[in-house]
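Before any comments, here is the structure.
Please treat every number below as a calculation from the coordinates, not as lab data. Predicted model, so just to flag it, every value in this text is computed and none were measured. Backbone-built Cβ (ideal geometry, glycine too); neighbour counts: all protein chains shown.
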Amino acid sequence: ELGPLTIKAWQRVMKTPVDGVIDKTKSDLIKAVQRKLNATVGHGLDRDGELGPETIKALQRYLRVPITGIIAKPKSDVVKQLQRRLNEGRF
């Protein structure tokens with residue numbers, strides 16, 4: 001699950017303010033993620049700070065998990081792979 005502990009770890013790795021929350025409209029974390037995804041998978045995402053379907057698809061492509069455009073609940077391949085990377089101190 002993409003819960004507060006995972007979000008805090010992601011915020012630390014991405015060097016954004018750490019509060020354990022992804023703001024629904026203008027998240028500094030998601031802007032940093034979008035910048036990284038644009039640089040690595042060349043997705044051409046708008047850096048709008050929203051965790052929408054296109055950002056999720058790019059994230060799934062980056063993490064090499066099935067591309068669905070959604071973060072499944074309660075278990076998600078994208079979150080599991082993200083947690084593995086964050087446990088290694090990287091994104």
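Dipole of the stretch 23-69 computed with +1 at Lys/Arg Cβ and -1 at Asp/Glu Cβ about the Cα centre; of 29, 42, 53, farthest Cα towards the positive end is 42.
Using the Cβ-Cβ distance between residue 75 and residue 35 with R0 = 25 Å, the FRET efficiency computed as 1/(1 + (r/R0)^6) comes to roughly 0.35. The length gained by stretching the chain between residue 23 and residue 85 to full extension, at 0.36 nm per residue less their Cα-Cα distance, is 20.1 nm. Placing +1 on the Cβ of every Lys and Arg and -1 on the Cβ of every Asp and Glu, with nothing else charged, gives the chain a dipole about its Cα centre of roughly 320 debye. For mean projected area of the Cα convex hull in nm², the choices are (i) 6.3; (ii) 6.8; (iii) 5.0; which was calculated from the structure? Correct label, based on the coordinates given: (iii). Compared with the alpha-carbon gap, the fully stretched path from residue 65 to residue 8 is longer by 18.3 nm at 0.36 nm per residue. Per residue of the chain, the DSSP helices (runs of n ≥ 4 H) give a summed -39500 (n - 2.57) that works out to -15500 deg cm²/dmol at 222 nm. Phi angles of the stretch 41-52 translate, via the Karplus equation with coefficients 6.51, -1.76, 1.60 and θ = phi - 60°, into HN-Hα couplings of 9, x, 7, x, 6, 5, 8, 9, x, 9, 8, x Hz per residue; Gly and Pro are given as x. Listed by chain and number, the lysines whose alpha-carbon sits under 19 Å from that of residue 26, ignoring those within fewer than 8 places in the same chain, are 8, 15, 36, 57.
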